[in-house]
Structures are given as C-alpha cells and as structure tokens.
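Presented below is the structure to which this report refers.
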Amino acid sequence: RLQGDWSSDVCSSDLRRALASDDRERTITRTYHAGFEGASYQGDASNNVGQLYIDHDNTNNRNFYRWASSLSSLQDYDVILRTTLPKDFVRWNTGSGNHLRVSYRSTAASTDDNQLDISVFDTNGSPVSLSGSSATSGLNLASTSWLTEQIEWTGSPTWTAGQDFLITLKLHARNDNQMHIGDLILEYVELPSE
C-alpha cells in the first residue's frame, strides 16, 4: 500500500468522525456550594437593609446563603457569581435540558415575604433569556422546603470559551423572613484539546 493512499484514507475517516460526533467530548457538571468561589456581594443602593450569612442545614446536610431582614418592606441583596467558561468549552449540555440548577428555600411560602430572582449575563455581558421548571423562569421563587430551579438559556446568547460570564442571585426578605440559596450547578460539554 502506498503512503499517499494510506494518508488519504485516514483523513477521510477522521473527517467523517468529526462531522458525525466526536467521542472525545465529555459532559462536565460543575457544582458551587454556598460561599461560592468567585462570588461578590452587593446591594443596589435601594432597600438593602438586612443580614447575609453562610449557614448549615443539619437536617439536609447542606451549606446555604441566608438573607434576612426585619423591615416591613422587601429588602434585597445580590450574590453575584463571576465564572469562566473553560478553554475547551463547546456548548451547554442539551442532554439533561438543564444548563443551570439552583437550590433554594424560604421561611414563608409567599413571594410577598421572601423570594429569589435569578439572572444570567453571557460572555458579552448581555442579559440571557431564561426558561425553567418554574412558570416564572427564575423570578419570584419561594418555597418552604428545598426546591431546585432548573434553568435553560433561550434566544441567541454568546458563549465564548475562556471568557467570563455572570450569574446574579437576588435574595429578598421582610418581616423577619429569610431567603436561602443552596447549591448552584452548571452543566456543559467540553472537547479536550490535545
């Protein structure tokens, strides 16, 4: 067999494999526990009176952020996670249907007393449209037992490998109620570089 013929066959085979699917791709699940690495904390200069703690739930064996306020009007505070897409990032995982999962709990069932709002900004800094397991798609979340909001991106956000993006978790509380955030989980697909 001639060397030239062999090379041609290999290139053709590799090309077919790359076009169909690449078996080197892997799904990555990245979990952040309360005290998120890379997080910052910020009030928006209006109605931000309260206390933010990191606490532990012994019954459910999890750490969580706890925002509480004793004032009679809703007070809010932001936990902002700045994270970087890896250089081998290909796309968000579509197999599970969940790009982002956030666990949360509140001391009152009513969003009038406590709630969580979630927003995401792509690698260009533009707001991302969200769809989720809740009818409110990441807004006005409240539950007296731990729940997980499952969120997907919609529209055409920009996701550039190696670039940063932001996830903002806005906690609201009033009248000695509390809003809690547990784990935050991202799922994406990588193609390891050689």
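The values are calculated or read from the model by the stated rules, or taken from the named source; none is laboratory data. The model shown is predicted, which means the values in this text are computed figures rather than measured ones. Cβ atoms come from the backbone with ideal geometry, glycine included; neighbour counts cover every protein chain shown. Just the protein is used for accessible areas: all its heavy atoms, side chains included, with ligands, DNA and RNA removed. Shrake-Rupley method; radii C 1.70, N 1.55, O 1.52, S 1.80 Å.
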*Filtered residues of the range 19-61 (kept if in a strand (DSSP E or B) and open to solvent by 60 Å² or more (accessible area, probe 1.4 Å))*: R26, T27, T29, R30, T31, Y41, Q42, Q51, Y53, I54, H56
*asked:* Tell me yes or no: at least one residue of the range 125-145 is under 20 Å from N48 (Cβ atoms) and open to solvent by less than 40 Å² (accessible area, probe 1.4 Å).
replied: yes
_Given (1) more than 29 Å from N47 (Cα to Cα); (2) in contact (Cβ under 8 Å) with a residue 60 or more places away in the chain; (3) out of contact with any strand residue (DSSP E or B) (no Cβ under 7 Å at 6 or more places or on another chain), identify the lone condition not met by E190._
(3)
*Could you give me the residue pairs with C-beta distances under 7 Å whose first residue belongs to the range 39-64 and is farther than 17 Å from S106 by Cα, whose second residue is β-branched (V, I, T) wherever it lies, and which are 6+ apart or on separate chains?*
A39/V79; A39/I80; S40/I80; Y41/V79; Q42/I80
_Candidate set: the range 62-103, residues that are open to solvent by 50 Å² or more (accessible area, probe 1.4 Å) and among the hydrophobic types (A, V, I, L, M, F, W, C); chosen: the one farthest from I151 (Cα to Cα)_ = L71
